[in-house]
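So the structure is just underneath, and the comments pick up after that.
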Amino acid sequence: MWGCATRNTRGNELANLVDDGGFILLNDGSPTHSSYSYNTSEALDVSIISPDLQPLCKWSVLNNIGSDHRPILLEINRKQKSHVNRARFWNFSKANWDVYRLYSESLFTGEKKHDKLVGKWLAFKNTIIKSAKKAIPRGLVKRYVPFFEHNSLTHRPLLEKRNTLE
């Protein structure tokens, strides 16, 4: 199935697992193992993927690095979506404090009693966060303007003077 010269029970089990699971073997029959004792080369090492990854994969055996097993390079050509994590804030000026108070009180009274301090702390923290999510709107920081900018026109001459004095 993957180019090995011999069959054995473990290889048959692996082949059945691949077949039954609907997986795909990437091996192309290239030798991945060399026996220096018997002067043979075989395809012993196996790369198994799911069918949806097959069009994105490139499989190759690399040059020997001193082991009896040659390294396998499995490249997956998939564009990774980068997620920009913009800062979120709680907009306390728009909070509905009555809703916060009523909701948190209902959660505190309905909360089961915990024996251990950790359980009490987690219940308290979760109640506060749930209440905040219910009553305090969230926003995204669109333009971050730091309080101090190293390159601002006001500070630049002072920084240059500091650097010359050093």
Which of the residues spanning segment 97-115 are at pLDDT below 80 and either surrounded by 10 or more Cβ atoms within 10 Å (Cβ to Cβ) or closer than 30 Å to Leu159 by Cβ (or both)? Glu111, His114
For the list (1) touching a Ser or Thr at 6+ places or on another chain (Cβ under 8 Å); (2) surrounded by 13 or more Cβ atoms within 10 Å (Cβ to Cβ); (3) polar (S, T, N, Q), I need the number of the one condition that Asn64 fails. (2)
Within segment 139-166, restricting to residues that are open to solvent by less than 100 Å² (accessible area, probe 1.4 Å) and either modelled with pLDDT of 85 or more or among the small types (Gly, Ala, Ser) (or both), the one that is farthest from Asp98 (Cα to Cα) is Ser152
Identify all residues within segment 31-60 that are part of a loop (DSSP other than H, G, I, E, B) and either surrounded by fewer than 15 Cβ atoms within 10 Å (Cβ to Cβ) or not assigned by the TED database to the domain that holds Glu13 (or both); write none if there are none. Tyr36, Ser37, Tyr38, Asn39, Ser50
Looking at segment 80-88, can you tell me whether even one residue there is of a type outside the set (Asp, Glu) and either assigned to a strand (DSSP E or B) or more than 30 Å from Gly139 (Cβ to Cβ) (or both)? yes
Within segment 3-13, is even one residue on the phi > 0 side of the Ramachandran plot, surrounded by 15 or more Cβ atoms within 10 Å (Cβ to Cβ) and modelled with pLDDT under 90? yes
Any idea which of (1) outside the structural domain of Met1 (by the TED database); (2) among the β-branched types (Val, Ile, Thr); (3) open to solvent by 60 Å² or more (accessible area, probe 1.4 Å); (4) touching a helix residue (DSSP H, G or I) at 6+ places or on another chain (Cβ under 8 Å) is the one Val118 doesn't satisfy? (4)
If Ile128 satisfies every condition in (1) over 30 Å from Met1 (Cα atoms); (2) open to solvent by 70 Å² or more (accessible area, probe 1.4 Å); (3) in a helix (DSSP H, G or I) but one, which is the exception? (2)
Quick check on Leu56: is it in contact with a His (Cβ under 6 Å, 6 or more places away or on another chain) and either in contact (Cβ under 8 Å) with a residue 12 or more places away in the chain or within 30 Å of Lys133 (Cβ to Cβ) (or both)? no
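The values are calculated or read from the model by the stated rules, or taken from the named source; none is laboratory data. All values derive from a computational prediction rather than experimental measurement. As a convention, Cβ positions derive from the backbone with ideal geometry for all residues, glycine included, and neighbour counts pool all protein chains shown. Areas reflect the complete protein model, heavy atoms only, side chains present, ligands, DNA and RNA absent. Shrake-Rupley method; radii C 1.70, N 1.55, O 1.52, S 1.80 Å.
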